[in-house]
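Down below is the structure, laid out as structure tokens.
The numbers here are math on the coordinates, done by the rules we state, and not lab data. Every value quoted in this text rests on a predicted model; they were computed, and no experiment measured them. We place every Cβ from the backbone using ideal geometry, glycine too, and count neighbours over all the protein chains shown.
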Amino acid sequence: MGVDWAARRAQLQRDGVCIIEDVLDDAMLQRVRAIAAAQIAALSADDRREQRSTGSMVANRHLPQLAELIAWPGTWDALTRLGYADCKFSRAYLISKPPHSPQLFWHQDFTAWSGEPRAGDEVSPQLFAMFYLVDTDRANGCLRIIPGSHRKRHPLHDQLGSAHSDASRRMDDPDAALYSSVPDERDLPARAGDLVLGDGRALHAAHANTTACERPLITLWYHPDFSRLREGTQRQISELARAEVEHWPERNRRTVASMIADYSGDAPALPRDRVPGPNFV
Ligand SMILES: O=C(O)CCC(=O)C(=O)O
């Protein structure tokens, strides 16, 4: 059955997430699994201790082999059919939960809350495109999200601060609100190869992995209507994006060149701000 793109867009804009099924074909899924498995095998016990809550956090600067996934036509086709134009890619991460590992902390991904006029917009300034490489459910650490929290303040917003810290990643305080369950959270189980497309501003987290198997994920960030962002925001995003690929082999850089956030004007970068301020109600 065909995808009802208008309904998925409405869902994404209302709840902050939707799932597009079967975006990676089997061959691509196998290639991405192999890339992830090699990287995971190279993680040290120290890496894993520092990332107890996330599982791992390997940025695309270490993974030039992800160029094909960043440029995957199925993702770009989904963005287009959903009506998101002028999208630019910024960064990707391998986030992989080892067997028997705890939950990922609540957070959101957007870093331009102060000074970006589109911070509260209906059309997201930043989407995450998550590809889980195994089927996920509550037992092995599927995504959870608080629907609507991308545009409406939630009590957790006042308890998380910036959320992203070494202490959160290490899970120094397992009783903190960062790791809590809230009544209005929703599970997002997915099949390997589905595209879990979400609004980066939405509060999201992942369940603990209670199984004996690794639960790998590649998440990628795309920015719809990139040239409608304030120039300082474009600069912030572009600097981060370029730093991730500048040491990639030429061949991989060429694959993604036209897709990468590419602001080249004179505006200074907007300082990064991860905390939705008091105007976010
Ligand atoms: O590990 C997960 O399932 C979710 C990862 C995540 O929240 C993120 O990439 O922002």
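Using all C-alpha to C-alpha distances in segment 136-277, build P(r) with 5 Å bins and read off the rounded percent in each one.
In whole percents, the pair-distance histogram is 2, 7, 14, 16, 18, 17, 14, 9, 3, 0, 0.
With a cut-off of 18 Å, note down the residues of segment 177-211 whose backbone N falls inside the zone around a label point 7 Å from the Cα of Arg138 toward its beta carbon.
Backbone N within reach: 179-191, 205-211.
Taking GluC sites (Glu not before Pro) as candidate sites, keep only those in a DSSP loop with at most 13 other Cβ atoms within 10 Å, then name the longest stretch of the chain containing none of them.
Working: sites that count: Glu21, Glu122, Glu246.
Longest run free of exposed loop sites: 123-245.
Checking the a/c ratio against 1.5 first, then a/b against b/c, what shape does the Cα gyration tensor give for segment 5-259? The partial results should precede the final answer.
Working: a/c = 1.32, a/b = 1.06, b/c = 1.24.
Cα axes put segment 5-259 in the rounded bin.
Going by the alpha-carbon gyration tensor, a ≥ b ≥ c the square roots of its eigenvalues, is segment 139-223 rounded (a/c under 1.5) or, if a/c is not under 1.5, prolate (a/b greater than b/c) versus oblate? Don't skip to the answer; put the middle values down first.
Values: a/c = 1.57, a/b = 1.14, b/c = 1.38.
Oblate.
Provide the gained length on full extension for the span Asp187 to Ala257, in nm with one decimal, where the gain is 0.36 nm per separating residue minus the Cα-Cα distance.
On the way: separation 70, 0.36 × 70 = 25.20 nm, distance 3.50 nm.
Contour length minus the Cα-Cα distance gives 21.7 nm.
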